[in-house]
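S.K.: The structure is given below, and queries will be raised subsequently.
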Amino acid sequence: MPTPDVLQQLGEVIQQQAPTLRHRALTFETPLMAEGLGLDSVGVLELLVACEVRFDVSLPAERLLDRQLTVGSLAREIDAARSAAGGQEGA
């Protein structure tokens, strides 16, 4: 489960990237594309780049775009990337 900090900041990034969604409730299961947030592949890519900047991580865009990404799965990816980056700093 992603940390509450990641979830809160991810919600802020989504709101910044898609201002028309400001009043929409986000859940862990909300898809980023289609019936969820309605982002197209370019919108998802822009969101991933914004997350990389906000969280100072590198996300595997090619792999993430190949599957049905949700708010929760993106938060888990960010959390994992932060953990991996933290582990590499000490190496």
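The values are calculated or read from the model by the stated rules, or taken from the named source; none is laboratory data. Being a predicted model, the structure only gives us computed values, none of them experimental. Reconstructed Cβ throughout: ideal geometry from the backbone, glycine too, with neighbour counts over all protein chains shown.
S.K.: Does ASP56 satisfy being loosely packed, with under 15 Cβ neighbours inside 10 Å and either free of Cβ contacts under 8 Å to residues at least 24 places away in the same chain or touching an Asp or Glu at 6+ places or on another chain (Cβ under 6 Å) (or both)?
M.R.: no
S.K.: Let me ask another. Among residues belonging to the range 1-33 that are assigned to a helix (DSSP H, G or I) and over 14 Å from the mean Cα position of the chain (by Cα), point out the one that is modelled with the lowest pLDDT.
M.R.: Per the stated criteria, the residue is LEU21.
S.K.: Give just the number: which of (1) buried (at least 17 other Cβ atoms within 10 Å of the Cβ); (2) touching a helix residue (DSSP H, G or I) at 6+ places or on another chain (Cβ under 7 Å); (3) assigned to a loop (DSSP other than H, G, I, E, B) does GLY36 not satisfy?
M.R.: (2)
S.K.: Let me ask something else about it. Among the numbered criteria (1) on the phi < 0 side of the Ramachandran plot; (2) surrounded by fewer than 13 Cβ atoms within 10 Å (Cβ to Cβ); (3) modelled with pLDDT of 85 or more, which single criterion is violated by LEU74?
M.R.: Of the numbered conditions (1) on the phi < 0 side of the Ramachandran plot; (2) surrounded by fewer than 13 Cβ atoms within 10 Å (Cβ to Cβ); (3) modelled with pLDDT of 85 or more, the odd one out for LEU74 is (2).
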